[in-house]
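The structure under discussion appears below in the form of structure tokens.
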Amino acid sequence: MNLLLKRFAKRGLQSAAQNPKKFFAWAMVLLSVSLIATLVQGIFFPSETVFKIRPPIVFSKSRKSDNIPARDDTEMQKIVSELKALKTKRDESNLDKKDSLRIDYLFDHYQKIKNGH
């Protein structure tokens with residue numbers, strides 16, 4: 001069997017070297033028939049597993065990403081409550097420099113959370 005395969009390969013290579021036009025013509029016919037057969041198989045007998053490719057775990061949605069809006073809402077509520085407490089302190093005219101810095105920080109933090117950063 002092995003000897004027969006070697007002879008066939010040797011004869012095929014010799015004929016390809018002697019008649020390159022004929023070899024390339026048969027190669028193109030083989031490629032064309034293969035392409036047509038693949039197209040027919042894909043159109044009339046589609047595979048079920050073609051569209052079942054799953055993305056890597058890194059890019060798939062996780063439970064952590066679903067929890068982010070709820071966490072942001074609670075954090076925003078905490079900021080709002082603290083700002084309300086500082087507003088009452090301002091109405092009583094008891095604000096310090098630390099309080100005004102805290103208000104600036106809380107407002108910036110609220111804006112970042114609201115904009116999704």
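The values are calculated or read from the model by the stated rules, or taken from the named source; none is laboratory data. Here the structure is a predicted model, which is why all the values come from computation and not from measurement. For neighbour counting, all protein chains shown are included, and Cβ atoms are generated from backbone atoms with ideal geometry for every residue, glycine included. For the accessible areas, the whole protein counts, side chains as well, though only heavy atoms, and no ligand, DNA or RNA atoms are used. Shrake-Rupley method; radii C 1.70, N 1.55, O 1.52, S 1.80 Å.
Listing for the model above:
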| quantity | calculated |
| --- | --- |
| Residue-normalised accessible area of the range 1-45, given per residue in Å² at a 1.4 Å probe | 102 |
| Projected label distance in nm at residue 38 and residue 18, using a 7 Å step from Cα toward the beta-carbon | 3.3 |
| The range 7-52 - convex hull of alpha carbons, volume per residue in Å³ | 105 |
| Pairwise label distance in nanometres, residue 48 with residue 11, each label 7 Å out on the Cα-Cβ vector | 4.5 |
